[in-house]
1. Could you please give the count of residues in the range D:156-193 that are in contact with a Leu (Cβ under 8 Å, 6 or more places away or on another chain), of a type outside the set (Asp, Glu) and open to solvent by 10 Å² or more (accessible area, probe 1.4 Å)?
2. Residue check, A:SER263 against (1) hydroxyl-bearing (Ser, Thr, Tyr); (2) farther than 28 Å from B:ALA161 by Cα; (3) buried (at least 24 other Cβ atoms within 10 Å of the Cβ), all met but one. Which one?
3. Out of the residues in the range A:266-286 that are charged (D, E, K, R) and open to solvent by less than 10 Å² (accessible area, probe 1.4 Å), state the one that is farthest from the other protein chains (Cβ to nearest Cβ).
4. Taking C:ILE63 as the residue in question, decide whether it is of a type in the set (A, V, I, L, M, F, W, C) and within 14 Å of chain D (Cβ to nearest Cβ).
5. Quick check: anything in the range D:111-129 buried (at least 24 other Cβ atoms within 10 Å of the Cβ), assigned by TED's automatic domain parsing to the domain that holds D:PRO82, β-branched (Val, Ile, Thr) and more than 19 Å from D:LYS72 (Cβ to Cβ)?
6. Does at least one position in the range B:112-127 carry a residue that is closer than 30 Å to A:ARG258 by Cβ, in contact (Cβ under 8 Å) with a residue 24 or more places away in the chain and of a type outside the set (Lys, Arg)?
7. Kindly indicate which of D:LYS72, D:LYS58 is closer than 28 Å to B:ARG261 by Cβ and touching a residue at least 12 places away in the same chain (Cβ under 8 Å).
8. Can you find a residue that is β-branched (Val, Ile, Thr) and within 30 Å of C:LEU323 (Cα to Cα) anywhere in the range B:241-263?
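The values are calculated or read from the model by the stated rules, or taken from the named source; none is laboratory data. Just so we're clear, the structure is a prediction, and the values are computed from it rather than from any experiment. Backbone-built Cβ (ideal geometry, glycine too); neighbour counts: all protein chains shown. Just the protein is used for accessible areas: all its heavy atoms, side chains included, with ligands, DNA and RNA removed. Shrake-Rupley method; radii C 1.70, N 1.55, O 1.52, S 1.80 Å.
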4 protein chains.
Amino acid sequence: MAEIKKIGVFTSGGDAPGMNAAIRAVVRSALYYNLQVAGIRRGYEGMISGDIFNMDRKSVANIIQRGGTILKTARSDQFRTPEGRKIAYEQLKANGIDALVAIGGDGTFTGARIFGHEYDIPVLGLPGTIDNDLLGTDFTIGYDTAINTVVDAVDKIRDTAESHDRLFIVEVMGRDCGLIALRTGIAAGAEAILIPESKTDLNALYERLEKGRKDKSSKIVMVAESGEAGDAFEIGRQIKERYPQYDTRISILGHIQRGGRPSCMDRVLASRIGVAAVEGLLAGRRNEMVGIISNELAYTPFEHAIKHNIEINDNFLKIVEILSL
Amino acid sequence: MAEIKKIGVFTSGGDAPGMNAAIRAVVRSALYYNLQVAGIRRGYEGMISGDIFNMDRKSVANIIQRGGTILKTARSDQFRTPEGRKIAYEQLKANGIDALVAIGGDGTFTGARIFGHEYDIPVLGLPGTIDNDLLGTDFTIGYDTAINTVVDAVDKIRDTAESHDRLFIVEVMGRDCGLIALRTGIAAGAEAILIPESKTDLNALYERLEKGRKDKSSKIVMVAESGEAGDAFEIGRQIKERYPQYDTRISILGHIQRGGRPSCMDRVLASRIGVAAVEGLLAGRRNEMVGIISNELAYTPFEHAIKHNIEINDNFLKIVEILSL
Amino acid sequence: MAEIKKIGVFTSGGDAPGMNAAIRAVVRSALYYNLQVAGIRRGYEGMISGDIFNMDRKSVANIIQRGGTILKTARSDQFRTPEGRKIAYEQLKANGIDALVAIGGDGTFTGARIFGHEYDIPVLGLPGTIDNDLLGTDFTIGYDTAINTVVDAVDKIRDTAESHDRLFIVEVMGRDCGLIALRTGIAAGAEAILIPESKTDLNALYERLEKGRKDKSSKIVMVAESGEAGDAFEIGRQIKERYPQYDTRISILGHIQRGGRPSCMDRVLASRIGVAAVEGLLAGRRNEMVGIISNELAYTPFEHAIKHNIEINDNFLKIVEILSL
Amino acid sequence: MAEIKKIGVFTSGGDAPGMNAAIRAVVRSALYYNLQVAGIRRGYEGMISGDIFNMDRKSVANIIQRGGTILKTARSDQFRTPEGRKIAYEQLKANGIDALVAIGGDGTFTGARIFGHEYDIPVLGLPGTIDNDLLGTDFTIGYDTAINTVVDAVDKIRDTAESHDRLFIVEVMGRDCGLIALRTGIAAGAEAILIPESKTDLNALYERLEKGRKDKSSKIVMVAESGEAGDAFEIGRQIKERYPQYDTRISILGHIQRGGRPSCMDRVLASRIGVAAVEGLLAGRRNEMVGIISNELAYTPFEHAIKHNIEINDNFLKIVEILSL
């Protein structure tokens, strides 16, 4: 294995709060270990188009607290083709980049895994996604911030739900994974939570609503987008039909969940694993995602990290049942 | 005019942050002036059903910072009938209430005006609505909080818009009045604002988008709900058709705009005019809304306050044009 | 009067949230009117040392939501001397700057006034200070954000005060002007407020504390720094001596009051008067501060703006008395 | 062991955000398992004075999002005496309470441990303290909220530090444990962190300050209160003496760190272990603290939980060194 002299760093896929803290950590630890470091803009798109620039300490000054990603992000169809990846590799060589840190989610790591097998360039990944849907880390960068954003929003919605005695159906992100809905549902005191993993049907929801206190007319139902029961509007339609006595409203939280200043925990996570990615590359690691499990650094092969069978703690659903009614 | 001994206070219509601060101010100033004070739950509905209870200093302890309204709110069809209002009057008499403070918006004051003419009971109103769509006050209780909530949300959306170079269409509240969209559009650095008052057509929007910097691909278009150009989804559809090169997304902020801890200014406003309502009733005022104009107390007859021809400062739209591109 | 071709903009004195929004407004409206615009770093210090650079639209991209000032700020002893001001003037000429927008408080405008009289260079000022201690504008840029920051902090302190039945003395900024303490005291439900203007002595405070509800043991006393009664620690010492039964604590909010994302109102204010400053210079105005009075633009000569006899609305203190106990 | 019919719950020691979520969880899960539940006000003080009341589902409605503790908290000298504990036990018996859930920190559990040995009443503890200084749980209730509050505050301070090129010494809570300073220092991008555990002397601090970039004049030094190097004012005095060229300021964050709406993670933690405490009592557990280690419930004997030799991850200090300069 050749000595590493210059690391390239990029963000890819959906953006997540804390990505900037991760970029900062990669850049500054690379410099600390006397490496050069280059930023690649817009993920694999910029790798192919050569949108690459050298970074120094000042490039990442005053960004740890900022949402989004200063390197921008995109999805790349071209990188899915062997031709695209070949161009990308040539661009990296042309820029003297001999190792990569990829910050993103499962799409990012799927690309990184293939690229790392095809070309002799070590790649390590940092889990940057609000969905928390990767194996090999207790939490992904952005998840903690996103769940706080959701809870802030539902606290506001609870104010108006209480004032009007309304039932609110609140849809949160998490296409294949209900972890956002689950923790925020507990934290917001939701009456019921519908997530993909729990195969919740509407009958179970109806049962829960009917077991509720009669004197408590404001209710929150938390729904993960694309849950099995259909989306929030469809669920709302059915609830309105069955319970015309409820003043039922829908709220889709949407893209506010992706933005905002990262929480303390997201910044610390991003900082720790950003440093570890550089140190891991120097130690000869490749084709792995760096995460934290039980407060210890953990390196997980990309193919395992993206397996996507995140287990839902059954106990969480029981807690909602016990506490909400 | 008979001496006032007991004041009834209620909230009605859409809830707004700061309503609790207003209730607190009415209750405590009534007690300060040695009056009794009763809370009426759920607005005119509770007035008719007799959901009325005596309040003391502790009833309003620790509520100044809470969103929503502890008195709850509702819309009442029955109060629109003479029969409903007759029952309401009888309930007030049965509870010894001889003056009212109504906290709400134009629907609330329309009811109050009629009631105040039909029955010999003095009523003063406090403007409590996030829409800022009443004459007789520079700001309504809740408006300042709501625009900060919107700006917080759009700052978050801007993070992800910048990271992905997206165009976001953000729909905010303000059915008949674009004041939320206007101020938040300036504050969030929106590229364009569509409000009911400005008869904005989509061609003007297109012109603005095309005048924009070519190197600035993230854009925010702020839309007041039910603006003339159609709602956010329809506008989004048309923009996508015309500008397929933009990665266009829609965000409906929805009910989060109604909730949350009131801002400092909303609490101060609610406190000032809450005290002034009680003092006004004692001074013999009736059938007026209490507001603040140019930092001075102002009393405006209900029929004038709800006239709804809020003038939009043309200069505001010019400012958006100058600053956003 | 010579035609204006290039405007210089700078921030000076204590920083305030919204200064960046003001800089953005000045830069973009200058460009809108086909003027050049230069940024001067660190106020009068940078003017003297020639720390001056040309700005374009991108120079102020994505700063409207950021606290602090990208132009940095400082206090300058050298500018108080005729020699210093002569060098400053020569630097401006060398950079082709023929008009200035000064963003700051009374120190800034004192310097601007003298400079504007000595040299033939038009200067307009924008009120940027959290203290709200200038005549000629209802609010200064930063005041609204600062009072929200204070209220957020006191809400948190109230949580712990309530839990422990404590009396908290909270010191806020406002050296010569109690407007921060006054509005935040009302909004936070303080039991008493000590401000320079009201010549409050401790006996009045004791009276207020003793009139309070016996069942309400948590209390907040809001103090403006350098109020006449001495600072928070001294007041705390005396209260502890007189009321050993209270669990009395001190909290100095300090510099958090200067930072943070500006509120919606501060951004709108900064945007409006930033545009107006450029338009005012083009219309031949000079040696004036631009403000907003009763929602209308107002131009006030510097010597009047800094007169410092801000009137305190007596009614505000009465409101605290009525509502807090 | 007698069957448990009625659980008493109380909070004791310093308050922490999330205590209300824990109370809610204990009350609702007790009711779920058909137990009675009583609230004891002001910790051991209220246990001795008999300030005890029955709680139902509504007693804990709408509190999950509130800071502080609705049961109030206090420190009790009397409970340290055998006589005090005897009265407390008699009060519990008189109220039919046959098991306890104690929410607090090491002082609380020290008392609980002794009490649980002296009297035949099972006690389980929930870790409620912002300091995160207990063994047997990865995080204590309140820690996550507190570190976010600190980071929010330091982000604001950074705004003004950047604008003025100042060095700020920020003192945070954590009398015997530097975990607040450590994580927030990383998250806020502090230049140096002084914590009790690292036996940091000022020479090391000076070295770090001198290794810093010459072009970066704003600096944050994070100090845990009562760290070995002396308090923030003393450190500030020495830095000013040694580095007169720095514009050095002190900020003591103080009691704002204890309050505020709990974060999502704190609410989830409090909910999970609140349920587990009731289930643990029913399963015959006693004299243990309930925590979460590596996302699993963990029960730790009181005497072990309060041992106080929290290990500091050395890696954290290295991260600060790598990232800050």
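1. 2
2. (2)
3. The residue in question is A:ASP266.
4. Yes: the conditions hold for C:ILE63.
5. yes
6. No, the range B:112-127 contains no residue that is closer than 30 Å to A:ARG258 by Cβ, in contact (Cβ under 8 Å) with a residue 24 or more places away in the chain and of a type outside the set (Lys, Arg).
7. Numbers: D:LYS58 fails: touching a residue at least 12 places away in the same chain (Cβ under 8 Å).
Within the list D:LYS72, D:LYS58, the selection yields D:LYS72.
8. yes
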